[in-house]
1. Between V115, V131, V73, which is over 18 Å from the mean Cα position of the chain (by Cα) and surrounded by 20 or more Cβ atoms within 10 Å (Cβ to Cβ)?
2. Mind checking which pairs have a first residue in region 189-200 that is assigned by TED's automatic domain parsing to the domain that holds V168 and a second that is modelled with pLDDT of 80 or more and among the basic types (K, R), Cβ under 8 Å, 6 or more apart or different chains?
3. Under 8 Å by Cβ, and 6 or more places apart or on different chains, what pairs join a residue from region 78-90 that is in a helix (DSSP H, G or I) with one that is polar (S, T, N, Q)?
4. Determine which single condition F181 fails, assuming it passes every other condition in (1) touching a Ser or Thr at 6+ places or on another chain (Cβ under 6 Å); (2) assigned to a loop (DSSP other than H, G, I, E, B).
5. From I113, I89, I132, I141, which residue is touching a strand residue (DSSP E or B) at 6+ places or on another chain (Cβ under 6 Å), not polar (S, T, N, Q) and not assigned by TED's automatic domain parsing to the domain that holds A297?
6. When region 170-213 is examined, which residues are found to be buried (at least 18 other Cβ atoms within 10 Å of the Cβ) and either among the polar types (S, T, N, Q) or farther than 30 Å from Q156 by Cβ (or both)?
7. For region 110-131, which positions are within 29 Å of W165 (Cβ to Cβ), out of contact with any Gly (no Cβ under 9 Å at 6 or more places or on another chain) and among the hydrophobic types (A, V, I, L, M, F, W, C)?
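The values are calculated or read from the model by the stated rules, or taken from the named source; none is laboratory data. Given the structure is predicted, the values throughout are model-derived calculations rather than measurements. Here Cβ is always computed from backbone atoms with ideal geometry, including for glycine, and neighbour counts include all displayed protein chains.
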Amino acid sequence: MNDHPSQDPNPGVYAKRKSAARAQPISDTFKPIALQDVVSGEFDKEGSAEALTEALGKRVLAPQSDSPKLHKVLAQAGMGSRLEMEKLIAEGRIVVNNELAHVGQRVQFGDQIKVDGKPIRIRIDPPPARVIAYHKPAGEIVSHDDPQNRPSVFRQLPRLHNGKWQSVGRLDLNTEGLLLFTSSGELANKLMHPRFGLEREYAVRVLGALSKEEKQKLLDGVMLDDGPAQFGSIEDGGGEGSNCWYRVTISEGRNREVRRMMEAVGHAVSRLIRIRYGAMVLPHGLRRGAWLELDEADIRSLMRAAGTSERPRPVSDSAARTNRNDRRPRTGG
């Protein structure tokens, strides 16, 4: 049985607001998504767009801006001339992160510097926040620690030299699609905060077609164990037989919320793909299990959506651990 949407579904739309209100892509890389392309596999088919795949398939993060040299930082802090600081380094009187410094060494935000055993207060600007978009396949968990040792999304991400990757929300084990990660806990928290109500968009396959009454009920709101929930819009996505696809939007990220809402009206979800988070859509050509680093313009758009124009700070290792321990699980799937 063919469970893909038809190529010409002629979808009807049930929505509280006009479809034009849907957030637009924030760069040319992030083009509108045809639902049938996503669920059929054409969207991320390897080799379907050779040039784009090459551009999106990078596995190395772009280098950060050069870190300043140690002797220059010390001179700017009023410790002496650059020549004098180089001499102190050569004499073994300066330690960086509990290791002897060397001439020409570069330092970065968060480094601990001591001169003759005494800590020195210096100012090094933190690097700008980094954000990557990841195409999560089914079968991966969004967690660093798992007693069952299941595959984790974090094992697929590039190494971050300063801090830890923070996930912007979560997707459950069997949910696929767009997952954002950032080096800034501040930005991650703002992108997840219910106050900003960033819209999430999903392609969802259910068993059996939704009736007009069921669609309206999902738009008006259904009662779940943790309170009422409602879709912002529901769009028919086609399908054949008992497998029916829909395109839905929601403005919060409670645990398994989309699945539970569909179950509340009597329809089990057999596949769920997140295709948009706020203004960011799943990039065309980004294969499952691959990631793409966002550029400065994209990150600025994300920050504006989160209600901030200030450059977020990166997360230190200790802060990252604290955030992971304190944050309640949120999947939205």
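1. Values: V115 fails: surrounded by 20 or more Cβ atoms within 10 Å (Cβ to Cβ); V131 fails: over 18 Å from the mean Cα position of the chain (by Cα).
The conditions single out V73.
2. Final answer for the pair search is F196/K190; E199/R276; R200/R274; R200/R276.
3. Once the first residue is in a helix (DSSP H, G or I) and sits in region 78-90, its partners that are polar (S, T, N, Q) give I89/Q105.
4. (2)
5. Numbers: I89 fails: touching a strand residue (DSSP E or B) at 6+ places or on another chain (Cβ under 6 Å); I132 fails: not assigned by TED's automatic domain parsing to the domain that holds A297; I141 fails: not assigned by TED's automatic domain parsing to the domain that holds A297.
On inspection, the qualifying residue turns out to be I113.
6. Passing the criteria: T175, T182, S183, S184, L210.
7. Correct list: I113, I122, A129, V131.
Quick grid of which residues meet (1) in a loop (DSSP other than H, G, I, E, B); (2) touching a Pro at 6+ places or on another chain (Cβ under 6 Å):
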| position | (1), (2) |
| --- | --- |
| N174 | yes, no |
| G197 | yes, no |
| Y202 | no, no |
| F231 | yes, no |
| G237 | no, yes |
| T249 | no, no |
